[in-house]
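Heads up: the structure comes next, in structure tokens.
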Amino acid sequence: MKHPLRLRGVSPEIKGQVWESDTLLRAGRLGSLEIVLDDSSVSRQHAEVRHGDDGWSVRDLESTNGTYVNGVRIGHGDQALKAHDIVQFGKVAVIVELNEATVEGPPSNQHVVASTCSSFDEGIRRLAFDRNHMPRAGEQMFALLRAGHHFVNLMSEDQLLNAVLNDAVSVLEAQRGAIVLAESDGPDPMLRLRVLASGLGEPPGRFHYSKKLARRCYASGVSLLYSTLTADEESKTSQSITDGAMASVLCVLLRTPRKRLGVLHLDRSFWQNPFTEDDLHLADALAAHVSAAIESAQLLRRQKEQFLKTVTVLAQAVELRDDYTGNHTQRVTRYATMLGEKLELPDDQIELIKIGGPLHDIGKIGIDDAILRKPGRLTPEEYDLMKTHTTKGAEILSSIPELEPIIPIVRSHHERWDGGGYPDGLKGEVIPLLARIVAVADAFDAMTSNRPYHKNKKGQSWAFAELERESGKQFDPVAAATFVRMREEIICAMSELLPDSELKDPELVRPPGPPTTHEGDVRTLTGEAIAFTGNTSP
């Protein structure tokens, strides 16, 4: 019995076009042929697809640029064809579809070629051996071992996901890949795209993955191999599959013994060989191996987020006691984080700024209200007590091991580059770097926001000029110079963080030379942000 043949356009210029016959289809540029292809890579009479005693075959008609089946150029004579083969005339490609409506018996199965619902433990056992219990090839084993290495050496959840996905795309020779993770633990959670990756030769631009197939994999709890997606009418309606030229897809369940996490989605194009069942089991083993790391990274991220909320509450407790602060710690943290990023500090150092910034004045919890909330000038004795907030803060944090890395910020953010600061009189680069960064942000905010004891703030222009003047004296010269260069970015942040009533920048001109401080006037405009020297104020 003849099986009518359908050729469906795959290349962009003929996508959607279909040619059918039960005997012969000729392809070329001539208008008299069944398949007319107006492309310079196609010869006038390029090839013919014919039905014979042994079924369908294709023959090249001595074309200039050749005829290919599944990416391999055919020689002289007939090349047998089967369903889902990719036939390429020059640079123009079509896919072979056998019309199964005339075939006796039930229709063939849908495009799900293979599946595995192995448990987490079974997936782990496949790390060393494939489904035939044979040792894995060296490159496969290396990819699996490297996946475990990523979690040990990468701090960020996003870094981990990117590293895992790029390894999966590489070892499984995918044209692209995606990881989607569940947003919640409910019965029908939203799957959110977290990372995308492209394989070798895949052009940059818009990436695609199938939301429908990913949801199906997650909901069923089964890792699935889809091949030749054009055979499934439901999949044809998916824009991502069509535009993404996905001929073969692996949807692999990311799961631990506790829960499902999401889906690893990999695809190959019509120009590549489809994924095999061995590929499915390799991807499933990789998913099982990295899922525990992904879950741990998620838990660590959530723990950090909760910890930052706790830190914020502690900082707010200080601000409730001290009328002068007024979201001071929030602004200092923002400015210091921006400065740290501009200085290209590592991510772990930026995280310490985000934690240490809100807590840099935590020691004020131990300062008496009569001093902390005094609206007027402090006496020298009172100011000496105020300065102890740095050491008190360090003592408070020393009882919490997790906060030990930020103690240098809390203790040393009032040290001066020239050695005239407190509490330890440190000088230059002996002062911890993060403390020097917070010191710049702390002083700038003190100079650009009102205080109960000094309503006439100096303003942005004056504050930036002061940072330049004190560079190499009070402030780390690199940190101060970088902050000044960030003027536009800082002013933009100020517009978000300061109330409208405080955004006006008064045009104040600094008198020549350092102004003297009257006796007893030891709580100055920036008295809480700089080291008091006893005879001058900034």
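The values are calculated or read from the model by the stated rules, or taken from the named source; none is laboratory data. Worth saying up front: this structure is predicted, and the values here are computed from it rather than measured. Cβ coordinates were reconstructed from backbone atoms using ideal geometry, including for glycine residues, and neighbour counts include every protein chain displayed. The protein model used for the area step is the full one, side chains on, heavy atoms only, and it has no ligands, DNA or RNA in it. Shrake-Rupley method; radii C 1.70, N 1.55, O 1.52, S 1.80 Å.
Quick notes on this structure:
- Distance in nm between pseudo-label sites at Arg192 and Thr64 (7 Å out along the Cβ direction from Cα): 5.4
- Near Arg176, the amide H atoms lying under 5 Å from its own belong to Gly199, Asp267; only residues 5 or more places off or on other chains count, and H is placed 1.01 Å from N.
- Surface composition of segment 328-450: carbon and sulfur atoms hold 52% of the protein heavy-atom accessible area at a 1.4 Å probe.
- Solvent-accessible surface of protein heavy atoms, probed at 1.4 angstrom with all chains present, puts Cys251, Cys492 in the order Cys492, Cys251, largest first.
- Residue pairs, from the table Lys309/Lys387; Lys364/Lys387; Lys364/Lys392; Lys309/Lys354; Lys15/Lys91, whose Cα atoms sit over 19 Å apart: Lys309/Lys387
- Whole-percent carbon and sulfur share, accessible surface of segment 1-89, 1.4 Å: 42
- Spin-label model distance (nm) - Glu183 vs Glu277, 7 Å beyond Cα toward Cβ: 3.8
- Kirkwood-Stokes translational diffusion coefficient of segment 363-485, alpha-carbon pairs, 10 °C, 1.306 mPa s, µm²/s: 103
- What the Cβ-Cβ distance of Glu402 and Glu489 gives, at R0 = 45 Å and to the nearest 0.05, is a FRET efficiency of 0.90.
- Pair Leu299, Ala481: separation of 7 Å Cα→Cβ label points (nm): 4.7
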